[in-house]
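See below for the structure under consideration.
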Amino acid sequence: MSFVDNAAYQIPLFFIGTIEANIDMSVEATYQFTAVAIVAATGTGLVGPVGLGAPSAGGTILGVLQNNPQLAEVGQVMNAGITKAKISAPVAVGALLKVGTDGKFLTATATTYPVGMALQAGATGETISVLLGGWGIVGNTGGTGATGKTGNTGNTGPTGATA
């Protein structure tokens, strides 16, 4: 497999497509390929008790939004696999990543959940390929981390990772 011009690529493994957007996420430049979390439903017209919203900085995520749903439309979220993702600060290849409140990725610190790994280096504002499917994804927060963050029994993060 060859990747021309270091363009971001995707290899999806698992999508969640049953949760409605809690806010209007139809602005592609703002929301597509950013992390989303499950939040209490407060938006007009939502059917279920939860919706898609912005994650808390350094917190867990449901996955990365693949489409641009309007308020109360179902969002397609990649939960596992390799996804395109927007970054808010420079990252190096192999860096463990966390999210900010804007849903964009940046290098994780010792006090935050890593939610992915950079498969490409990138500069602020770029879209890169990120490996999801472990660490800070909801329901699997990476085993026991170096700074005391604990996950589900039997789910261990990568060797040497800070959780």
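The values are calculated or read from the model by the stated rules, or taken from the named source; none is laboratory data. In this text, all values refer to a predicted model and were calculated from it rather than measured experimentally. Backbone-built Cβ (ideal geometry, glycine too); neighbour counts: all protein chains shown.
Below are the figures for this structure:
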| item | result |
| --- | --- |
| Matching option when the condition is of a type in the set (Gly, Ala, Ser) and touching a Phe, Trp or Tyr at 6+ places or on another chain (Cβ under 9 Å), among Gly51, Gly45, Gly58 | Gly58 |
| Qualifying positions in segment 31-59 - surrounded by 14 or more Cβ atoms within 10 Å (Cβ to Cβ), without any contact (Cβ under 8 Å) to a residue 60 or more places away in the chain and not in a loop (DSSP other than H, G, I, E, B) | Val39, Val50, Gly51, Leu52, Gly53 |
| Subset of segment 21-30 (residues that are among the β-branched types (Val, Ile, Thr) and part of a loop (DSSP other than H, G, I, E, B)) | Ile23, Val27 |
| Matching residues in segment 113-141 - criterion: being crowded, with 20+ Cβ neighbours inside 10 Å, modelled with pLDDT under 95 and among the β-branched types (Val, Ile, Thr) | Val115, Ile137, Thr141 |
| Checking Ala110 against (1) part of a loop (DSSP other than H, G, I, E, B); (2) hydrophobic (A, V, I, L, M, F, W, C); (3) modelled with pLDDT of 90 or more, the condition it does not meet | (3) |
| Segment 19-30, subset among the polar types (S, T, N, Q) and surrounded by fewer than 21 Cβ atoms within 10 Å (Cβ to Cβ), residue farthest from Tyr113 (Cα to Cα) | Ser26 |
| Residue match in segment 60-69 (condition: modelled with pLDDT under 90 and buried (at least 19 other Cβ atoms within 10 Å of the Cβ)) | yes |
| Where Ala80 falls short, out of the listed (1) outside any loop (DSSP other than H, G, I, E, B); (2) hydrophobic (A, V, I, L, M, F, W, C); (3) modelled with pLDDT of 95 or more | (3) |
| Residues being out of contact with any Lys or Arg (no Cβ under 8 Å at 6 or more places or on another chain) and either assigned to a strand (DSSP E or B) or surrounded by fewer than 16 Cβ atoms within 10 Å (Cβ to Cβ) (or both) - total across segment 86-101 | 11 |
| Sole residue being more than 14 Å from the chain's Cα centre (by Cα) and farther than 22 Å from Glu28 by Cα, chosen from Ala110, Ala72, Ala123 | Ala110 |
| Residue check, Val74 in contact (Cβ under 8 Å) with a residue 24 or more places away in the chain and farther than 17 Å from Ser129 by Cβ | yes |
